[in-house]
Structures are given as structure tokens and as C-alpha cells.
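Just below is one structure, and these are the notes that go with it.
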């Protein structure tokens, strides 16, 4: 058996492998005469983490900040709402196929499906992470 977080990491790594390879091939095949290791790694990093992925990651971190603050009952309520969503949303979220602007709709759908107790917890424990996420999104530029 594989722990779910390990499975997601392995899946994401397999998706990223062709991006890394193509980036390296492109850099090595370019007309640039001297390509340092730092230059190569910077190019690969830019290809691996385009603005869309960085924004997606901010949203994921926002959600994780909230989840880590929930107790057992709060976590159960949260996941009851999560798996009550349309499969499109939770499949897309778990497979990292939801991006901005779809992620806020996912968040609103989750909030609307949540119990009142869960909504209160999300608001109480998610306000600071929400401000942090918004600040990071505004500051991140290509």
C-alpha cells in the first residue's frame, strides 16, 4: 500500500519528468555558448513552475493551512463536504487539474456544502491564511 500523499507526489513527479527533460534538451540545444549549471537550473525551474502552477500551489497551501488547524471532528466535517462536491471538483483537485479561476469556484462550492460548524471553523481558522495567500498571489509576477 502507498500513503496517499506519496502517491500524489509520485504522480506529480511523473508528470513533471517530461517537462524537465524537454527544458534541459532545449537549453543544451540553444545557441548560448556558455550555459552554467545555475542558468540551466533556473530555466528548468521556470518551466516546472509557471505562474499557473505557482498560483495553484498557493491555493493548495491555503487549504493545508486550514486543515492543519482542524481537530479530528473538524477534519471529518471538512472531508464530508469535500467528497460531497461534484466529482469534477474533487477529481480535479486531487489530480492537480484545477487552476485559477476554477479553484475559487471549487472553494466556494466546498464552503457551500460544508456544515455550519465547518463553515465557522473555516472562517475562524482560514482568515489569516486567506490574507497570506492573497498577498502572495499579488506579489508573484512572471
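A few points about this structure:
- Residue check, residue 15 within 30 Å of residue 139 (Cβ to Cβ), outside the structural domain of residue 138 (by TED's automatic domain parsing), at pLDDT below 95 and loosely packed, with under 14 Cβ neighbours inside 10 Å: yes
- On the stretch given as segment 107-142, residues that are in contact with a helix residue (DSSP H, G or I) (Cβ under 6 Å, 6 or more places away or on another chain) and more than 22 Å from residue 81 (Cβ to Cβ) total 4.
- Residue check for residue 74: within 21 Å of residue 137 (Cβ to Cβ) and either at pLDDT 90 or above or surrounded by 16 or more Cβ atoms within 10 Å (Cβ to Cβ) (or both): no
For every residue, the table says whether it meets (1) at pLDDT 95 or above; (2) more than 17 Å from residue 136 (Cβ to Cβ); (3) outside the structural domain of residue 7 (by TED's automatic domain parsing); (4) buried (at least 19 other Cβ atoms within 10 Å of the Cβ).
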| site | (1), (2), (3), (4) |
| --- | --- |
| 56 | no, no, yes, yes |
| 67 | no, yes, yes, no |
| 90 | no, yes, yes, no |
| 93 | no, yes, yes, yes |
| 104 | no, no, yes, no |
| 118 | yes, yes, yes, yes |
| 121 | yes, yes, yes, yes |
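- Some residue of segment 103-119 being in contact (Cβ under 8 Å) with a residue 24 or more places away in the chain and closer than 18 Å to residue 12 by Cβ: yes
The values are calculated or read from the model by the stated rules, or taken from the named source; none is laboratory data. Every value quoted in this text rests on a predicted model; they were computed, and no experiment measured them. Here Cβ is always computed from backbone atoms with ideal geometry, including for glycine, and neighbour counts include all displayed protein chains.
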